[in-house]
Structure formats: C-alpha cells, structure tokens
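Every read-out reported here was derived from the displayed coordinates using simple, explicitly stated rules and does not represent laboratory data. No experiment lies behind these values; they were computed from the predicted model shown. No Cβ is skipped: glycine too gets one built from the backbone with ideal geometry, and neighbour counts run over all protein chains shown.
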Amino acid sequence: MQTVRLFFEKLGSMTILVIREMGRMLIFILYALYIAVRDPGKPIHLFKQIHFIGAKSLFVICLTASFTGMVLGLQGYYTLAKFGSEGMLGAVVALSLIRELGPVLAALMVTGRAGSAITAEIGIKKITEQIDALKTMALEPFKYLISPKVIAALIALPLLCAIFDVVGIFGGYVVGVKLLGVNPGAYFSEMERSVEWKDVWSGFIKSVSFGCIISWVCCFKGYYAGHGAEGVSRATTEAVVMSSVLVLVWDYFLTSVML
C-alpha cells in the first residue's frame, strides 16, 4: 500500500511539474510576441537575427537539399520504373519536397546550426548576469534578446524552406534527367500538373510554425539555463532535442489536418 501511494505521489508531482513548465513556456512566447508588437525596437536587431538564422544557414540548407533531391530522384526512379511510370518522377520529387521534406529538413538543419547557438548565447548571458544587468538598467531583456530572434525565425524559415525546395527539385532533375535519362519535358510537365497552390501553402504554413517552435524552445531553454557551463550545455542539448522532436510531432498533426 505504501509503495502504491509513493508511486502516485511521484506521478502527481511529475504531472504538476510538466504542467507548470508548459504554462511557463506559454507565458514566455506570448510575452515575447507582445513585446515584439508593443515595442519592436530598432530594425537593425531584427536584420542581424535574420542574417544569423537565415543567410548563415544557406550553405547547410543548399547542401542538404541537393543531396535530398538526388536521393529522391534515384529512389523514385527505380520505384516508378517497376510500374513503367518514370515520367512521374518530377511530380514525386516536387510533392515530397514541397509538402514534407522541405519544411521538416530545413527546420532540423536550422535547429542544429542556429537553434543551438541561440540557446548557448542567451544561456551565457544569463549565467554571466548580463540579463540581470539589463533589468537593473530598466531595459526589457525580451526586446533585445528574445523578440527579434522569434520574429526573425518566423521570417527566415519560410525563405529557407523555399530555397530548399528549389535546390532539391534541381538535385532530382540532375539525377533523374541527366544521369538516368528521364525526359526533361515529362519531368517538368508532370510536376506542373501535380503540384497545386494548396501544396505550396501547406509547406509555407509548416515552415512558419516550425520557425516559431525552434525560436520558442531555444530562447526559453537559454533564458532559464542552469548555473555554470554545465547548465548552459545541458540547456543547449535539451533545446536541440526538444525542438527536433516537437517539429516532427507537430508535422504529423499539421499533415493530418491539411491532407
């Protein structure tokens, strides 16, 4: 009986802890968006974050997109060849990238490259008391540290996703048309016939929501990082893992709604 009571006590305390953390995270993102609307600050802060999250991620986005498109072209060709439908390769590559792989892989790459750096930056400012110094000087830390990153991620992720889609489609073209001999007219005509604006908008909505998730989780973990270098490293690891998992989980729910 004692063991059962202790089990339910521990379960209850863990549930309360999770709910409290979820509530704190919700208040965090709502306050960040409120500050962004009420007092957006100088545009230079936003442009710097767009450059950091977006422009500096271009290389890894283009590299990942090109090889993803080439793999899709290779695998798609040999799968479609079994049914004599090689001409549908363009549609398969484009729909796979625009609806699913483009937003998801772009978000995962940005999480690994920019999200970890955002968490570490804010965490270091937290443990070196720079955030406390801003509060002491009656300056709003969210205005300078959090809100610009959130808005920049909302802007940069859809643009990176669009670049990912274009580069991936070109990678599929190189493998399918140039290496495997698919008719280039069939590649693009089937793509044009199959891809609708609904597919493009679904990818756009996913990329915006993923940008919100990445900036939200990474900023939150950095802002509430533990003491010392160990606390920052733990917060960075948790931010990357949680962001990646939430991106995949949220992608499932969005896909189930939009299909």
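Can you find a residue that is part of a helix (DSSP H, G or I) and of a type in the set (Lys, Arg) anywhere in the stretch 76-88?
no
May I ask you to list pairs of residues, at least six apart or on different chains, whose Cβ atoms are under 6 Å apart, with the first in the stretch 131-155 being under 16 Å from TYR31 (Cβ atoms) and the second being surrounded by 12 or more Cβ atoms within 10 Å (Cβ to Cβ) and polar (S, T, N, Q)?
Correct list of pairs: PRO148/GLN49; LYS149/GLN49; LYS149/SER215; VAL150/SER215.
ILE61 versus (1) farther than 19 Å from SER243 by Cα; (2) in contact (Cβ under 8 Å) with a residue 40 or more places away in the chain; (3) not in a loop (DSSP other than H, G, I, E, B): which is the lone unmet condition?
Failed condition: (1).
Of all the residues that make up the stretch 104-142, how many are part of a helix (DSSP H, G or I), of a type in the set (D, E, K, R) and farther than 20 Å from PHE52 by Cβ?
Of the residues in that region, 2 qualify.
Do the conditions hold for ALA107, that is, is it in contact (Cβ under 8 Å) with a residue 40 or more places away in the chain and surrounded by 10 or more Cβ atoms within 10 Å (Cβ to Cβ)?
So ALA107 fits the description; yes.
Filter the stretch 80-102 down to the residues that are more than 12 Å from ASP199 (Cα to Cα) and surrounded by 24 or more Cβ atoms within 10 Å (Cβ to Cβ) and list them by number.
Matches in the stretch 80-102: LEU89, GLY90, VAL93.
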